[in-house]
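The values are calculated or read from the model by the stated rules, or taken from the named source; none is laboratory data. Nothing here was measured: the structure is a model prediction, and the numbers come from that model. In this analysis, Cβ positions are derived from the backbone assuming ideal geometry, glycine residues included, and neighbour counts consider all displayed protein chains. These area figures cover heavy atoms from the full protein model, side chains too; ligands, DNA and RNA do not enter into them. Shrake-Rupley method; radii C 1.70, N 1.55, O 1.52, S 1.80 Å.
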Amino acid sequence: PFLMLQAFFWTALAVLAVIGIGMAIKFSELSRGGEAIANMVGGRRLLPNSGNLAERRLLTVVEEMALAAGMPVPPVYVLEGEQGINAFAAGQTVDDAIIGINKGTLETLNRDELQGVIGHEFSHILNGDMRMSLHLIGILHGIQAIALIGYMLIRLVGNSGSRSSSKDNKGDPRLFLLAAGAALLAIGSVGLLCARLIKASISRQREFLADASSVQFTRNPEGIGGALKMIAVTSEHSRVKSANAESISHMFFADMLGRMASGLMGTHPPLDKRILKVEPRFDGDLEAYLKSRAKATIADSQDESRSGKKTTVPSFPGMPGIPGLPGVPGFPAAAGALLDPLLAIDSIGSPTEDDVVYSQILIGQIPMALLEAARDVFSARCLVFAFLLDSADEIRSQQLTLLEKLEGTESVRQSLALLPMLNNIDVRYRMPIFEIIQGTLVGLSNNQFLHFRRTISELIAADQKINLFEFFLRHHLVVHLDRHFGHGLPHPIKHERVTEVGTEIGFLLSVLSRVGHNSEQEAAAAYSAGIGTIRELHGVEFSGTSFEFSELARSITVLSHGSPTLKKQVLAAAMTTIAFDHVVTVEEAELFRAMSESLDCPVPPLLASQRGAKPHG
């Protein structure tokens, strides 16, 4: 019995070691995030400034969704040889997330259908499904390694030549290898079968949830419903032919084999069930849908997704400068707006149609020249440089000298050319411009980014001080790009309770209260409202003195290692502080956005008036 137990122990240890090694190898391959997945299946990255009409429409839809979710615009990849209707999202976090889409999806779907698919993929990004999917890939690869080793041992025995002439030779090592190979093949096959069943079960449930989230984002069930119907009626359905696609089959929008139904091993629910979930009244008549679709307006083919034509945007009675949109808390356009902190926190990771509409309007109102600059890698850098040029002639002259030395004459010329446009735009457009720039600058090489980051630091340090906007830019733009290029430190959870970081929370709320309130008395009252939302910190006192941005950065860094629950408490307290006087200033909104970016908590531009928000304080 002891020998059997010992044999079992060493066998189990060997199996676990093989699985672990296989998982480690695969996780290492996937450590580059979504870009590695896109390259694995032959994706071609779309340039943000693409002039192709269909590509421009897709990129604009992605931009709108990203701005609505309060996250950086993810790179978009097209699978050129794939004519089926399919898409996927991949990455470890929002910092390295990408959207992949079949060429057939791009060419077949209209704008509403495309928006429904993109909304589905953004749900996977915002709800953490991507990381879970990558873990499943690693686990499956590790288990598959067991079966692969067994298969190789059996092949080795089969190719080892003629058998020993002695039938009684029980010491023949080939018999041992054959038995070991068969055992490993059996263990690996059974384990792989079980793992695939689990993967399929999890994937089916996540697909239903992502479909529902897409409807919530767009408030248009016929968008994603129409995309699913088009899969059913097109000849290629949702097929993906890439040889490497099978390992990520659970990450696609629809079954990559193009099956309309699925069994226990199916990674996606049957199409008819998905359609009925989002459109319960659908009678199954696909021909009727095609006819109504054909009669619908061809506005999609004339989509003005910033292709050079005037963009049509929804009209609301209300906000000056934008066709009637009410103020938007948590966004630079929020001056004069009301904010309900609890509703705002509940909306993290769950943008609605209001958020998407507001993003559409903002993109439609930004001057075309600025949009084009934000979508080109070289010009986007110059746009950032122009934002940082000081209004004082002496300091600006020093900055331009530095810029010419570090980046060259052409960068100086373009930065100066963009400067007058920046001086004339409404400050509400700063944040969406930076969101687009974030997505564009991931196209830099690692060395180019490090050089760009150095230039940013030099320009900020030219006057030997930092202001609130420079702090926002560094933490909203540079911190995100740091993480994308692998230079930002990971944020393992170190703090579960607010009492562990009470000093940092108190300092952060003190800064927020002073930024948005005119008098020390008002600031103290706003601080009390914010800190009062966290019962355990009632004794933490308001800091009425001036603050250093280095200390603010340190506090945010400490809080970035908090648990998700702790971070939500911090954000709720911060929102309560900001909303105390019922007004959200540009400075408050930008500082809050920089903070939420550093805490890995994307916050959408909430429309409080359409969420039933009421003033607090």
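Structure above, values below:
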quantity	calculated
Carbon and sulfur %, accessible surface of the range 449-519 computed with the full protein complex present, 1.4 Å	51 percent
Backbone HN-Hα couplings from phi across the range 405-412 [Karplus 6.51/-1.76/1.60, Hz, Gly and Pro as x]	5, 8, 10, x, 5, 5, 5, 5
Magnitude of the charge dipole, the range 361-456, Cβ model with Lys/Arg +1 and Asp/Glu -1, debye to 20	220 debye
Isotropic mean projected area of the C-alpha convex hull, the range 422-498 (nm²)	7.3 nm²
Packing rank of 211-223, 462-474, where each peptide gets the mean count of other beta carbons within 10 Å, highest leading	211-223, 462-474
Full-stretch length increase - residue 409, residue 465 - with 0.36 nm per residue and alpha-carbon distance subtracted	17.6 nm
Per-residue ³J(HN,Hα) for the range 580-588, Karplus 6.51 cos²θ - 1.76 cosθ + 1.60, θ = phi - 60°, Hz, x for Gly and Pro	4, 8, 6, 10, 10, 7, 4, 4, 4
Distant-in-sequence amide H partners of residue 87 (H built 1.01 Å from N, under 5 Å)	102, 253, 254
Pairs beyond 32 Å (Cα-Cα), from 465/567; 103/567; 103/405	103/567; 103/405
Rounded FRET efficiency, nearest 0.05, which uses the C-beta distance separating residue 189 from residue 421 and R0 of 60 Å	0.45
In Hz, Karplus ³J(HN,Hα) per residue of the range 567-572 (6.51, -1.76, 1.60; θ = phi - 60°; x = Gly, Pro)	4, 5, 4, 5, 5, 5
In nm, spacing of pseudo-spin labels at residue 294 and residue 454 (7 Å Cα→C-beta vector)	6.2 nm
Per-residue SASA entry for residue 481, accessible area with 1.4 Å probe, Å² rounded to 10	0 Å²
Accessible surface, the range 397-457, averaged per residue in Å² (probe 1.4 Å)	43 Å²
Point-to-point label distance, residue 548-residue 131, nm (Cα→Cβ direction, 7 Å offset)	3.2 nm
